[in-house]
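Since the structure comes first, as structure tokens, the remarks are kept for the end.
The values are calculated or read from the model by the stated rules, or taken from the named source; none is laboratory data. Since the structure is predicted, the reported quantities are computational estimates derived from the model, not experimental observations. Every residue, glycine as well, gets a Cβ built from its backbone with ideal geometry; the counts of neighbours run over all protein chains shown. To get the accessible areas, we keep the full protein, side chains included, count just its heavy atoms, and leave off ligands, DNA and RNA. Shrake-Rupley method; radii C 1.70, N 1.55, O 1.52, S 1.80 Å.
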Amino acid sequence: MIIDFHAHIYPAKIAEKASKNIGLFYNTQMCYDGSPEKLLESGRKIGVEKYIVHSTATVAHQVEAINNYIISEVNLHKEFVGFGTIHPDYEDFENELKRIKSLGLRGIKLHPDFQKFQVDTPGMDDVYEVIAELKMPVLVHAGDYRYDFSGPKRILHVLEKHPSLIVVAAHFGGYTEWDNAMEYLVGQRVWFDTSSTLWKLPVEKADGMIKSHGFEKFLFGSDYPMWDHEDELKRFLRLSLSPEEREAILYKNAEKLLSE
Ligand SMILES: [Zn+2]
């Protein structure tokens, strides 16, 4: 059994284009087009039974439509656990967050680099407080040495300011900024996911971060449509983990986080 904690999905109409644009942003070739059907197909090959699915609103007026899309996909596929989107410029955030929670979404995904805001901006404080009150975990894209939106130090500010907010910092806490993740986030009250990291981070460094931070705070994620599930699992299995630690990261930790 595997839970994929980090999967993006897009409506059929825009899947191909959205996937291509993200490939350009990260200067890489995407494995898939971002459709829910291909996600299920790719994950099935390695035994994924649950997927945390999300999509990001890059402008405020897309928020409701994207949340409605995620809700409809969750209703269509029993394998999906939906995380909604919110945008710093979306004014009625309190009602929208309550609405999506009541319709079954379980958390919020933020991508500050796409949404162009610094994750620790005071403008998000009230939003984080409502999310924390609703007990919805936030999965936040973390890090990118080319930008200054979501780096580990900024995520640490959010953790310090919002002690009851549950935060998952994607990509071992800092995509292409793993030294900063080590300095600012390892040992903190934050979860990490493994997505889009193991292709680049040397095995010994990844092992070291898991040891220092604690395997019980790591979640397996594919970052679909960026990667193929079989390849991501292969990279994951190169880590020096005990069978118990492996099981925890592949699904038990995610089960625990979602039951909180
Ligand atoms: Zn993501």
Inset, instruction - Using only the Cα atoms of segment 7-127, build the gyration tensor, take square roots of its eigenvalues as a ≥ b ≥ c, and label the shape rounded, prolate or oblate: rounded if a/c is under 1.5, else prolate if a/b is larger than b/c, else oblate. - result: oblate
Inset, instruction - Straight distance only, please: which aspartates and glutamates reach the Cα of K13 with their own Cα at less than 17 Å, same-chain residues fewer than 8 apart left out? - result: D33, E37, E73
Inset, instruction - Pop out the ³J(HN,Hα) list for segment 196-203 in order, Karplus 6.51 cos²θ - 1.76 cosθ + 1.60 with θ = phi - 60°, rounded to Hz; leave Gly and Pro as x. - result: 6, 10, 6, 6, 10, 6, x, 3
Legend entry - Accessible surface, per residue, of the chain when the full set of protein chains is kept, probe 1.4 Å, Å²: 43 Å²
Legend entry - Estimated FRET transfer efficiency when R0 is 30 angstrom, pair K234-E37 (beta carbons, to 0.05): 0.85
Legend entry - FRET E, pair E49, N95, Förster distance 51 Å, beta-carbon r, rounded to 0.05: 0.95
Inset, instruction - List every residue whose amide H lies under 5 Å from the amide H of G84, counting only residues 5 or more places away in sequence or on a different chain, with H placed 1.01 Å from N in the peptide plane. - result: R106, G107, I108, K109
Legend entry - Amide proton proximity set for F5, modelled H, under 5 Å, gap of 5+: I52, F220, G221, S222
Inset, instruction - Quote the FRET efficiency, to the nearest 0.05, computed for E244 versus E204 with a Förster distance R0 of 22 Å and r equal to the Cβ-Cβ distance. - result: 0.60
Legend entry - GluC sites (Glu not before Pro) within segment 26-102, DSSP loop, no more than 10 other Cβ atoms inside 10 Å: E91
Inset, instruction - Largest first and to the nearest Å, give the Cα extent of segment 142-224 along each principal axis. - result: 33, 30, 26
Legend entry - Cβ charges +1 (Lys, Arg) and -1 (Asp, Glu), total dipole of segment 2-259, debye: 380 debye
Legend entry - Cross-link reach list, lysines versus K234, counting only Cα pairs under 27 Å and skipping chain neighbours closer than eight places: K20, K38, K45, K50, K78, K109, K200, K205, K211, K217, K252, K256
Legend entry - Alpha-carbon Debye profile of segment 2-259, log10 I(q)/I(0) at 0.11, 0.14, 0.15 Å⁻¹: -0.52, -0.90, -1.05
Inset, instruction - Among the chymotrypsin sites (Phe, Trp or Tyr not before Pro) in segment 177-234, which ones are in a DSSP loop with at most 13 other Cβ atoms within 10 Å of the Cβ? Mind listing them? - result: W199
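Can you show me the helix-derived [θ] at 222 nm for the chain, built from DSSP H runs with n ≥ 4 at -39,500 (n - 2.57) apiece and divided by the number of residues, rounded to the nearest 500.
Here the helix-only value at 222 nm equals -12000 deg cm²/dmol.
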Inset, instruction - Roll a 1.4 angstrom probe over the protein heavy atoms and tell me the percent of accessible area of the chain that is carbon or sulfur. - result: 51 percent
Legend entry - Which of Y90, P36, A132, positive extreme of dipole for segment 2-259 (C-beta unit charges): P36
